[in-house]
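The values are calculated or read from the model by the stated rules, or taken from the named source; none is laboratory data. Being a predicted model, the structure only gives us computed values, none of them experimental. Glycine gets a Cβ as well: all are built from the backbone with ideal geometry, and neighbour counts include every protein chain shown.
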Amino acid sequence: MKICQVEKPLVATNRIPGLEHKHMKVVRDGSAQMVAVDVVGSKPGDWVICVGSSAAREAAGSKEYPSDFTIVGIIDNWQPEQAEQ
């Protein structure tokens with residue numbers, strides 16, 4: 001699992017059938033930007049918990065789902081400065 005911050009929604013109108021109704025977000029993990037499927041309804045600025053690999057596919061709804069990064073939780077209270085101490 002990784003802690004990331006949601007930057008903005010990602011809109012892609014042309015999608016494969018399995019991605020039709022899933023929301024996608026641009027998230028930042030340190031200096032790297034990634035795209036994550038959002039199954040919890042996060043908004044820009046939220047700190048979130050993300051999972052990757054087969055856990056991401058299952059969290060998105062199916063082992064057959066074509067995702068390798070999924071947001072699975074919104075963190076209620078976390079300051080990044082606390083993590084560095």
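What to note about this one:
- VAL51 surrounded by 12 or more Cβ atoms within 10 Å (Cβ to Cβ), in a strand (DSSP E or B) and modelled with pLDDT of 90 or more: yes
- Subset of the range 1-28 that is surrounded by 14 or more Cβ atoms within 10 Å (Cβ to Cβ) and modelled with pLDDT under 90 - its residue that is nearest to the chain's Cα centre (by Cα): HIS23
- Of the residues GLU64, GLU58, the single one that is in a helix (DSSP H, G or I) and out of contact with any Pro (no Cβ under 9 Å at 6 or more places or on another chain) is GLU58.
- From the list ARG57, ARG28, the one residue that fits, being of a type in the set (D, E, K, R), over 18 Å from TRP78 (Cα atoms) and without any contact (Cβ under 8 Å) to a residue 60 or more places away in the chain, is ARG57.
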